[in-house]
Amino acid sequence: MLSWEYPPKVIGGLARAVADLSEALVEQGHEVAVVTSDHPDCAPVEYVSGVRVYRVNQHYPSPQGFLDSVLYMNYHLVQAAVQLMSEENFDVVHAHDWLVAPAAKVLKHAYGVPLMATIHATEWGRNGGLHNNLQRHINDVEWWLTYEAYRVICCSEYMRNELRHIFHLPDDKLTVIPNGVTLKNFSQTHPDLDKFRNQWALPNEKIVFFIGRHVHEKGVDLLLDAVPKVLHHHPSTKFIIAGKGPMHDELKARAYHMGIAHKVLFAGFIDDLTRNSLYQLADAAVFPSRYEPFGIVALEAMAAGAPVVVSDVGGLKEIVRHGETGLTFYAGNSNSLADNILTLLYDRQHAKMMKNL
């Protein structure tokens, strides 16, 4: 496995998806080695749930920019993988997204080992097109990886259609394998949830919870735009927004200028136990993405027992059936989002039904 992130280094959903897949393969009796970028709390080589994890330096030599850091990481990925593949026989190289494409191509041709690639998202999809040279470069590298791969995996029918459209991939090269979550990872919570809840909201307040990266495609700004209408009809509501990202400070400033900062708590990065506990306590877990190839956070919320509201885009509408397993709203429409949040806050019986499915 080649991946630029792996727990505890978690930037998005890719890290957890690669870890879950690697651990599941080990449970089935396979030998899995993951070569990935380093983390300050981890040794260069370690076993994690039976997976051999090799971590390489991403920031040496000192990069002059983002693309330099990607290139240097790939040099180190190749060095670590060559050492491994010179000592052992590997049957498959599996690359995850464009950031490891150069290393994947080198290993494929140097050792004659079949290359598989999973495309978790595309630059074209994240940005609604290609608008500058960096985006066009990333798109080219993504195409390069899919061209070099013998088989390309994507996580939803939506992504299959996207890859066919932008990279012109033939159907017999594409396989849809939906992401999954491990239920036991979402069952453990703080032992005293009532006491824990008091740290986050008043006893009479309903909790609306979001967790994810603070970037444009995740739609946190849409959630903020929905807050005034929700508060008008249901004043006793607290919005908890977890996660970080380039828009974090901008979003906090926006909440302040909208006059809703007292009702919106920006929690920053939270650990898994806190995440699980907030899912358990949430009256609505909201994921208002503008672009979502799969939407594993919605699946995690459902696994943890939270009723969900999601936008009707991408893989989310393949996961959530409106009115049955959750609620969907018109993507990009904060008024529709507010209406669906209010439905969960007022119709507790329906919310409980969807929560217990």
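The values are calculated or read from the model by the stated rules, or taken from the named source; none is laboratory data. Note that this is a predicted model, so its numbers are computed, not measured. All Cβ positions, even for glycine, are placed from backbone atoms using ideal geometry, and neighbour counts span all protein chains on display. Surface areas here come from the heavy atoms of the whole protein model, side chains and all, with no ligands, DNA or RNA. Shrake-Rupley method; radii C 1.70, N 1.55, O 1.52, S 1.80 Å.
Can you tell which of Leu278, Ala226, Gln199 lies farthest toward the positive end of the dipole of the stretch 157-287, using +1 and -1 charges on the Cβ of basic and acidic side chains (Lys, Arg; Asp, Glu)?
Gln199
Charges at C-beta only: +1 for Lys and Arg, -1 for Asp and Glu. How large is the resulting dipole of the stretch 114-182 about its Cα centre, in Debye rounded to 20?
Numbers: 6 positive and 8 negative charges, 12 e Å.
It works out to roughly 60 debye.
Are there any GluC sites (Glu not before Pro) in the stretch 49-147 that are in a DSSP loop and have at most 15 other Cβ atoms within 10 Å? List them by number.
Glu88
Would you mind checking Lys229/Lys355; Lys206/Lys263; Lys229/Lys263 for any pair whose Cα atoms are more than 20 angstrom apart? Don't skip to the end; give the middle numbers.
Details: Lys229/Lys355 24 Å; Lys206/Lys263 11 Å; Lys229/Lys263 13 Å.
Where the Cα-Cα span goes over 20 Å, the pairs concerned are Lys229/Lys355.
Which FRET efficiency value, to the nearest 0.05, do you get for His233 and Ile177 by plugging their Cβ-Cβ distance into 1/(1 + (r/R0)^6) with R0 = 35 Å? Before the final figure, lay out the partial values.
Values: r = 41 Å, r/R0 = 1.18.
Between His233 and Ile177 the formula returns 0.30.
With Rg/Rh (Cα atoms, Kirkwood Rh) defined as stated, name the option among [x] 1.04; [y] 0.94; [z] 0.98 computed from the structure displayed.
Among [x] 1.04; [y] 0.94; [z] 0.98, the one derived from this structure is [z].
As an exercise, use a Förster radius of 22 Å and the Cβ-Cβ distance of Leu84 and Ala43 to find the FRET efficiency, rounded to the nearest 0.05.
On the way: r = 16 Å, r/R0 = 0.73.
Efficiency for this residue pair is about 0.85.
Which percent, nearest 5, of DSSP beta bridges in the chain are antiparallel? Mind dumping the intermediate values first?
Values: 4 of 40 bridges.
Antiparallel: roughly 10 percent of the beta bridges in the chain.
With +1 on each Lys and Arg Cβ and -1 on each Asp and Glu Cβ, and nothing else charged, work out how big the dipole of the stretch 271-357 is about its Cα centre, in Debye to the nearest 20.
Numbers: 7 positive and 10 negative charges, 29 e Å.
So the dipole magnitude of the stretch 271-357 works out to roughly 140 debye.
Give, rounded to the nearest 20 debye, the magnitude of the charge dipole that the chain has about its Cα centre when Lys and Arg contribute +1 at Cβ and Asp and Glu contribute -1 at Cβ. Don't skip to the answer; put the middle values down first.
Values: 31 positive and 39 negative charges, 187 e Å.
My answer is approximately 900 debye.
Among the listed pairs Lys105/Lys317; Lys105/Lys252; Lys108/Lys317; Lys108/Lys218; Lys195/Lys317; Lys9/Lys317, give every one whose C-alpha distance is greater than 31 Å.
Working: Lys105/Lys317 34 Å; Lys105/Lys252 42 Å; Lys108/Lys317 36 Å; Lys108/Lys218 34 Å; Lys195/Lys317 35 Å; Lys9/Lys317 28 Å.
Long pairs (Cα-Cα over 31 Å): Lys105/Lys317; Lys105/Lys252; Lys108/Lys317; Lys108/Lys218; Lys195/Lys317.
What FRET efficiency comes out for Asp312 versus Arg348 if R0 is 25 angstrom and r is the Cβ-Cβ distance? Round to the nearest 0.05. Before the final figure, lay out each step's value.
Values: r = 24 Å, r/R0 = 0.94.
Between Asp312 and Arg348 the formula returns 0.60.
In the chain, what percent of the accessible surface is made up of carbon and sulfur (1.4 Å probe, ligands and nucleic acids excluded)? Kindly include the intermediate steps, with their values, before the conclusion.
Values: 8710 of 16490 Å².
In the chain, the share of accessible area belonging to carbon and sulfur is 53 percent.
Expressed as a whole number of Å, what is the distance separating the alpha-carbon centroids of the stretch 104-123 and the stretch 266-322?
30 Å
Under a 1.4 Å probe, what is the accessible area of the chain per residue, stated in Å²? Don't skip to the end; give the middle numbers.
Numbers: 16490 Å² over 357 residues.
Here the residues of the chain average 46 Å² of exposed surface.
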